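*Asks:* Mind having a look at this structure? Questions to follow.
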Amino acid sequence: MLEVSEIFVSLQGEGPFAGRPAVFVRLAGCVPPFCEWCDTPQALGSGRRMRVDDIEDEIARHPRALVVITGGEPFLQWDTGLARLVRALGDSSRQVQYETSGKAGIPADHGGFVVCSPKPLHAPVLDPDAVSRADAFKFVVEEDITPVLDFIAAHGIDARKVWLMPLGAVRQDQMRRMPPVWELCVRHGFNFSARLHVLTFNDKRGV
């Protein structure tokens with residue numbers, strides 16, 4: 001059984017797979033300290049208990065979509081059903097992307113593409129294996145990226161694995177912060193990510 005906050009179909013709005021059709025499986029539960037700007041507070045507590053087979057059936061209705069497993073903190077439920085779900089998805093050749101804070105352990109056999117967003121940025125709480133097992137790092141920033149640069153230097157992260165994303169849960173904030181973050185990406189050789197769902201739908205949920 002898995003504690004599920006929501007399952008919905010949309011396009012991936014941010015990061016390395018931005019623009020891809022995706023089935024989002026948002027698992028419930030997170031690891032403190034919580035982000036003060038969290039845009040999914042509904043996923044912090046308990047969710048709806050669902051059988052793994054039922055989740056598989058929901059995903060199977062969208063055979064061409066990327067499967068994005070997010071939260072909350074998805075890896076909290078690895079041993080209680082997520083591992084089984086991911087094995088089943090692998091057996092059917094589905095591509096899986098995780099969104100994680102890195103606070104919970106990232107299993108060596110996760111079978112997907114891991115996007116890690118360390119939080120809180122000024123003093124990130126990370127599982128020891130998070131940096132080595134993540135495939136990409138996504139940082140939500142304003143204009144001062146000193147903490148990001150310090151983190152990257154401390155962990156020897158390749159700039160090609162880094163995505164900067166402007167802070168902002170509404171369209172106006174995204175638009176205002178995009179130009180300076182764009183310039184920072186050009187200067188440091190990082191990847192840029194907008195939040196396409198925010199630019200398109202503003203603060204609407206489930207898109």
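FYI, it's all coordinate maths here, none of it is from the lab. Keep in mind it's a predicted model, so treat the numbers as computed, not measured. Methodologically, a virtual Cβ is constructed for each residue, glycine included, from the backbone with ideal geometry; neighbour enumeration extends over all protein chains shown.
*Asks:* Have a look at the range 91-207 and give its Rg and Dmax from the Cα atoms, expressed in angstrom.
*Replies:* Taking only Cα atoms of the range 91-207, I get Rg and Dmax of 14.9, 44 Å.
*Asks:* Run through the DSSP bridge list for the chain and note the antiparallel percent, rounded to the nearest 5.
*Replies:* 30 percent
*Asks:* Enumerate the amide H contacts of residue 113 below 5 Å, restricted to partners 5 or more residues apart or on another chain; note that Pro and chain-start residues carry no placed amide H.
*Replies:* 96, 97, 98
*Asks:* Could I get the Rg over Rh figure for the chain? Both from C-alpha atoms, Rh via Kirkwood, rounded to two places.
*Replies:* Answer for the chain: 0.95.
*Asks:* What list of ³J(HN,Hα) values in whole Hz, one per residue of the range 76-83 in order, does the Karplus curve 6.51 cos²θ - 1.76 cosθ + 1.60 (θ = phi - 60°) give from phi, with Gly and Pro shown as x?
*Replies:* With coefficients 6.51, -1.76 and 1.60, one gets 4, 9, 4, 7, 10, x, 5, 4 Hz.
*Asks:* Something else now. In terms of Cα to Cα distance under 17 Å, which aspartates and glutamates are near enough to residue 204, apart from those fewer than 8 places away along the same chain?
*Replies:* 6, 14, 39, 173
*Asks:* Treating the beta-carbon of each Lys and Arg as +1 and of each Asp and Glu as -1, no other charges, what is the dipole magnitude of the chain about its Cα centre, to the nearest 20 debye?
*Replies:* Approximately 460 debye in magnitude.
*Asks:* Any idea what the relative contact order of the chain is, in percent, if you count C-alpha pairs under 8 Å spaced at least 6 apart?
*Replies:* Computed over the chain, the figure is 18 percent.
*Asks:* So who's got an amide H within less than 5 Å of the one on residue 6, skipping anything under 5 residues away but keeping other chains? H placed 1.01 Å off N, in plane.
*Replies:* Close amide H contacts, sequence-distant or interchain: 26.
*Asks:* Given the DSSP H assignment, sum -39500 (n - 2.57) over each helix run of at least 4 residues in the chain and divide by its residue total; what's the result at 222 nm in deg cm²/dmol, nearest 500?
*Replies:* Rounded to the nearest 500, the figure is -8000 deg cm²/dmol.
*Asks:* Taking amide H positions as placed 1.01 Å from N in the peptide plane, with prolines and chain starts having none, which residues 5 or more places from residue 162, or on another chain, fall under 5 Å of its amide H?
*Replies:* 137, 191
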